[in-house]
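Please read the structure below before turning to the comments.
The values are calculated or read from the model by the stated rules, or taken from the named source; none is laboratory data. Here the structure is a predicted model, which is why all the values come from computation and not from measurement. For neighbour counting, all protein chains shown are included, and Cβ atoms are generated from backbone atoms with ideal geometry for every residue, glycine included.
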Amino acid sequence: MKIIMFYWNVLLNFLIETITIKWVAIFFIIYYLILWISVFLWVINDISNRTDKLFLQILSVIIIFLLGPLWIIIYFIIRPKKTLIEKSYEEIECNLEILMDDILKKIEKKKKKKKKL
């Protein structure tokens, strides 16, 4: 146990002596750049899944590229609420409901005709 504590103290002393404000600043700058690149790539992927409009895609990418990841809130405001796949599923669902209504009406008409006979 004493050996572990000794090495732990040596490591802590080394870190305390070598870590400076410069290294902390470099760490946060690198962290911010990684965050910025990640958000930028995510926005490219997300906006291409949400719209086919080239203007909106370019505007979204430019906002994040020029203003940084903190401006993701603006992106959330201007992006379409639903993806293209969600929109197509809703359209299919709506069309299926219309078809179902038509089929039910035809079935009812046939039943009425049979009752008349």
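Filtering segment 77-92 to residues that are of a type outside the set (S, T, N, Q) and surrounded by 10 or more Cβ atoms within 10 Å (Cβ to Cβ) leaves 78, 79, 80, 82, 84, 85, 86, 87, 89, 90, 91, 92. Criterion first (among the hydroxyl-bearing types (Ser, Thr, Tyr), on the phi < 0 side of the Ramachandran plot, in contact with a helix residue (DSSP H, G or I) (Cβ under 8 Å, 6 or more places away or on another chain) and part of a helix (DSSP H, G or I)) does residue 60 satisfy it? Judged against the criteria, residue 60 is a match. Under the condition of being at pLDDT 90 or above and either aromatic (Phe, Trp, Tyr) or in contact with a Leu (Cβ under 6 Å, 6 or more places away or on another chain) (or both), the residues counted in segment 18-56 number 8.
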